[in-house]
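Read through the structure below, which is laid out as structure tokens, and then see the notes.
The values are calculated or read from the model by the stated rules, or taken from the named source; none is laboratory data. All figures in this text were calculated on a predicted structure; none of them were measured in a lab. Every residue, glycine as well, gets a Cβ built from its backbone with ideal geometry; the counts of neighbours run over all protein chains shown. Ligands, DNA and RNA are excluded from the accessible area calculation, which covers all protein heavy atoms including side chains. Shrake-Rupley method; radii C 1.70, N 1.55, O 1.52, S 1.80 Å.
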Amino acid sequence: MLIGEVARRSGVSARMLRHYESLGLVRPSGRTGSGYREYIESLRALGLSLREVGRALDDPGFTPSALVGDLIGRTRERIAAETELLTRLSRIHAADPAGWEDALHVVTLLHALGSPSADARQRAALSSADDPPLPVEALVEAVLGETDPHVAGALRWALARSGDGGPALLAQGIDSPEAAVRERAVRSLTEMPGDEATGHLRDALAHPDPVVGGYAALELGARGDADAVPTLIDMIAEGRNDTEAADALSVLASDSTTADRIAARLVDRLAHDTTGAPARGRLTQALAGVPGTTASRALVELSHDAERAVALTATYLLQLRAGR
């Protein structure tokens, strides 16, 4: 396109276009055989029509940075919209609909999951087990962002029945910078069956967020996984869901060998715990659910403990044991 044509179509004089060329705002793509400048529609390639270019350049207060800033904002909005569309299409594709009716069913459920109505979101979650089911990615995204406890419960139920893929995606959510998202992720993971979920829960035991480690430990205890024992004892000593943690230890202690190991760990923690009488009292109480001679011997010793509350608790527990 020659400079005269650009000037005519944009409403900007050839002299001004040459000036903008000197500033680097527009540039010719080359020259014709006669030596005329040949301009590309460089600004149009940035998302503006030539008429918009003309209005911008004809504005005495116009600055390139303002134009570029506006273009950046518009481009980001367009990318966000396209990304949202791509995500929706990918999820419909993942559902592998057999026909248009199935495809529309998935679209309807996906739309309902994003509804401002909690009832609509809950119905979508409960309907997600239909054929075709909602893609697991959509369920994970929904459960990680859900604040309504009833909807969250329905989403966890649906996710536990969604098949492969859920545990790995939830494990990624555990590393979120937002504490609420981490809690939703680990709670959902505790309701996922299978060895993969158990493996991710073991990894979560070492998470720096004690809420994440606590949920993981309680569920692993219920699954009979002795890896949870150290974290459960920490929870008892620190008073974090200590009753639930002691119950989990009792489940793990159903095996005599594991029971003796748990009792030994509790005794060691009692010997070295410096957090005061309340913590030692909770640790002593936890021995109540641990059968075996190691726990019994520990209670006999604790019945003479210098801390009266600990001694009384141990004496009471010994009486209960004797009456069984």
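Of all the criteria given as (1) modelled with pLDDT of 95 or more; (2) under 26 Å from Asp225 (Cα atoms), the one not satisfied by Arg156 is (1). In the set (1) under 29 Å from Ala263 (Cα atoms); (2) modelled with pLDDT of 95 or more, Gly224 fails one condition alone, (2).
Listed conditions (1) surrounded by 17 or more Cβ atoms within 10 Å (Cβ to Cβ); (2) farther than 24 Å from Asp255 by Cβ are all met by Glu219, apart from (2).
Could you check how many residues of segment 289-306 are open to solvent by 70 Å² or more (accessible area, probe 1.4 Å) and not basic (Lys, Arg)? It would help to see each step written out before you state the result.
Initially, segment 289-306 is screened for residues open to solvent by 70 Å² or more (accessible area, probe 1.4 Å), giving 293, 297, 300-301, 304, 306.
Going one step further and asking which of them are not basic (Lys, Arg), we end up with 293, 300-301, 304, 306.
Within segment 289-306, residues that are open to solvent by 70 Å² or more (accessible area, probe 1.4 Å) and not basic (Lys, Arg) number 5.
All told, Ala309 meets the bar of being over 18 Å from Ala264 (Cα atoms), within 44 Å of the chain's Cα centre (by Cα), open to solvent by 30 Å² or more (accessible area, probe 1.4 Å) and free of Cβ contacts under 8 Å to residues at least 60 places away in the same chain. Residues in segment 276-288 that are open to solvent by 50 Å² or more (accessible area, probe 1.4 Å) and touching a helix residue (DSSP H, G or I) at 6+ places or on another chain (Cβ under 7 Å): 2 in all. Taking (1) farther than 23 Å from Ala171 by Cα; (2) modelled with pLDDT of 85 or more; (3) in contact with a helix residue (DSSP H, G or I) (Cβ under 8 Å, 6 or more places away or on another chain) in turn, Val140 satisfies each apart from (1). For Thr231, the conditions (1) at pLDDT 95 or above; (2) of a type in the set (Val, Ile, Thr); (3) open to solvent by 40 Å² or more (accessible area, probe 1.4 Å) are fulfilled apart from (3).
In the set (1) closer than 21 Å to Asn241 by Cβ; (2) in contact (Cβ under 8 Å) with a residue 24 or more places away in the chain; (3) crowded, with 18+ Cβ neighbours inside 10 Å, Gly213 fails one condition alone, (2). Checked against (1) modelled with pLDDT of 70 or more; (2) part of a helix (DSSP H, G or I), Arg88 passes all but condition (1). Scanning segment 241-256 for residues that are modelled with pLDDT of 90 or more and open to solvent by less than 80 Å² (accessible area, probe 1.4 Å) yields Asp242, Ala245, Ala246, Ala248, Leu249, Ser250, Val251, Leu252, Ala253.
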